[in-house]
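Asker: Below is the structure I would like to discuss, written out as structure tokens.
Here, each number is a calculation from the coordinates, and none is a lab measurement. This structure is a prediction, so every number in the text was calculated from the model and none was measured. Quick reminder, even Gly has a Cβ in these numbers, built from the backbone with ideal geometry, and neighbours come from all protein chains shown.
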Amino acid sequence: MSEQMPAEKPLPKPTPGAEHYWESATREEFVLPHCRDCDQVFFYPRLWCPGCFSQNLDWRQGSGRGRVYSFSVVHQAPFPAYQADVPYVLAVIELEEGPRMMANVLHCDPQEVRVGLAVEVVFEARGEMKIPQFQPVSSQGG
């Protein structure tokens, strides 16, 4: 019986308007799209502002901090590549800047994750890309 190599986790396929986000993440920079017309920071990256529909956009350095808004502990891997990770936390993170995004919460016991938990961005290497994920802030401090 031959030993099989572990399956690789899928890589994102950048959509139009999201290329800069993924390039920045690969450099371990957390950036968010920003509308120059209504001054809204938003997520997910796209070609227009979801607030005013303007295409006058730029990028802002994100704080990389937020709080768990909602989460689920995944006990059954959706694909073989995730089998070694179970159980893991899939969460909606409310960023300090306001938008919410979905990501995993890493480097903690899944049973310790709670709504309101302070988290900070970390970058998970996948092939030539890096994926923004989150981990509990080391000093919770209030």
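Asker: Strictly under 4.7 angstrom between C-beta atoms: which cysteines of the chain have no such partner?
Answerer: That list is Cys108.
Asker: Count the net charge of all other residues whose Cβ sits under 10 Å from the Cβ of Arg126, scoring Lys and Arg as +1 and Asp and Glu as -1.
Answerer: On the way: positive: Lys9, Lys130; negative: Glu8, Glu124, Glu128.
Summing Lys/Arg as +1 and Asp/Glu as -1 gives -1.
Asker: In a shell of Cβ-Cβ distance under 15 Å around Val137, excluding Val137 itself, what net charge do Lys and Arg (+1) and Asp and Glu (-1) give? Walk me through the intermediate numbers first.
Answerer: On the way: positive: Arg65, Arg67, Arg114; negative: Glu94, Glu96, Glu112, Glu120.
Around Val137, the charge tally is -1.
Asker: Another question, then. Quantify how much of the Cα-Cα distance distribution of the range 14-62 extends past 15 Å, in percent. Working shown, then result.
Answerer: Values: 428 of 1176 pairs.
Here the long-distance tail beyond 15 Å is 36 percent of all Cα pairs in the range 14-62.
Asker: Label points 7 Å out from Cα along the Cβ direction at Thr15 and Trp59: separation in nm?
Answerer: Distance between label points: 1.8 nm.
Asker: A further question on this structure: Restricting things to alpha carbons, find the Rg to Rh ratio for the chain using the Kirkwood radius for Rh.
Answerer: Values: Rg = 16.5 Å, Rh = 16.4 Å.
Computed over Cα atoms, the ratio is 1.01.
Asker: Work through the residues other than Asp39 whose Cβ is under 12 Å from its Cβ and net out their charges, Lys, Arg +1 and Asp, Glu -1. Mind showing how you got there, number by number?
Answerer: Details: positive: Arg36, Arg60; negative: Asp37, Asp58, Glu97.
That works out to -1.
Asker: To continue, here is another question. Provide the per-residue ³J(HN,Hα) series for the range 109-116, in order, calculated from phi with Karplus coefficients 6.51, -1.76, 1.60 and θ = phi - 60°, each as a whole number of Hz, with x at glycine and proline positions.
Answerer: Once rounded to whole Hz, the list reads 6, x, 6, 8, 6, 9, 4, x.
Asker: Roughly how big is the range 63-142's charge dipole about its Cα centre, with Cβ charges of +1 (Lys, Arg) and -1 (Asp, Glu), in debye to the nearest 20?
Answerer: Working: 6 positive and 9 negative charges, 19 e Å.
Around 100 debye, computed over the range 63-142.
Asker: First measure r as the distance between the Cβ atoms of Leu106 and Glu8, then evaluate 1/(1 + (r/R0)^6) with R0 = 25 Å and state the FRET efficiency to the nearest 0.05.
Answerer: Values: r = 18 Å, r/R0 = 0.70.
After rounding, the FRET efficiency stands at 0.90.
Asker: Follow-up. For every helix of n ≥ 4 consecutive DSSP H residues, a contribution of -39,500 (n - 2.57) applies; sum these over the chain, divide by its total residues, and give [θ] at 222 nm rounded to the nearest 500 deg cm²/dmol. Don't jump to the answer; show the numbers that get you there.
Answerer: Working: 1 runs with 8 residues, N = 142.
Roughly -1500 deg cm²/dmol at 222 nm, from the helical runs in the chain.
Asker: Using the Karplus curve 6.51 cos²θ - 1.76 cosθ + 1.60 with θ = phi - 60°, what ³J(HN,Hα) values do you get for each residue of the range 94-104, in whole Hz, with x for Gly and Pro?
Answerer: Karplus values, whole Hz, x for Gly and Pro: 8, 6, 3, 6, x, x, 10, 9, 8, 6, 8.
Asker: At R0 = 25 Å, how high is the FRET efficiency between His75 and Ser138 if r is their beta carbon distance? Nearest 0.05 is fine. Intermediate results must be reported in sequence, preceding the final value.
Answerer: Working: r = 27 Å, r/R0 = 1.06.
Working from the Cβ atoms, E equals 0.40.
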